[in-house]
1. When you look at Leu18, is it surrounded by 10 or more Cβ atoms within 10 Å (Cβ to Cβ) and modelled with pLDDT under 85, yes or no?
2. Give all pairs with beta carbons closer than 7 Å in which a residue from the range 25-37 that is exposed (fewer than 10 other Cβ atoms within 10 Å of the Cβ) meets a residue that is part of a strand (DSSP E or B); count only pairs at least 6 apart in sequence or on separate chains.
3. Please give the number of the condition Gly44 fails out of (1) exposed (fewer than 10 other Cβ atoms within 10 Å of the Cβ); (2) at pLDDT 80 or above.
4. What do you reckon, is Lys25 at pLDDT 90 or above and out of contact with any His (no Cβ under 6 Å at 6 or more places or on another chain)?
Amino acid sequence: MRKHAQLNSQAVMCGKPLAIVDYLKSPVIADPYRLFDCCLETDGAAAVVVTTPQRARALQLEIGP
């Protein structure tokens, strides 16, 4: 995606190519995702919690506002 962003003068990372060496040197944010795997511009957020059905029942979470 960054390669194509170099063609767009309004892209956030225009003029800042990313070599594979730089990518591999970037810090791991949450294994296996590195810094450059994160979205630079986001309008919202989301989270996914993965667990077993037994653990989910045991949590007795309150859902809603």
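1. Against the criterion (surrounded by 10 or more Cβ atoms within 10 Å (Cβ to Cβ) and modelled with pLDDT under 85), Leu18 does not qualify.
2. Pro27/Arg34
3. (2)
4. yes
The values are calculated or read from the model by the stated rules, or taken from the named source; none is laboratory data. From a predicted model like this one, the values you see are computed outputs, not experimental measurements. Quick reminder, even Gly has a Cβ in these numbers, built from the backbone with ideal geometry, and neighbours come from all protein chains shown.
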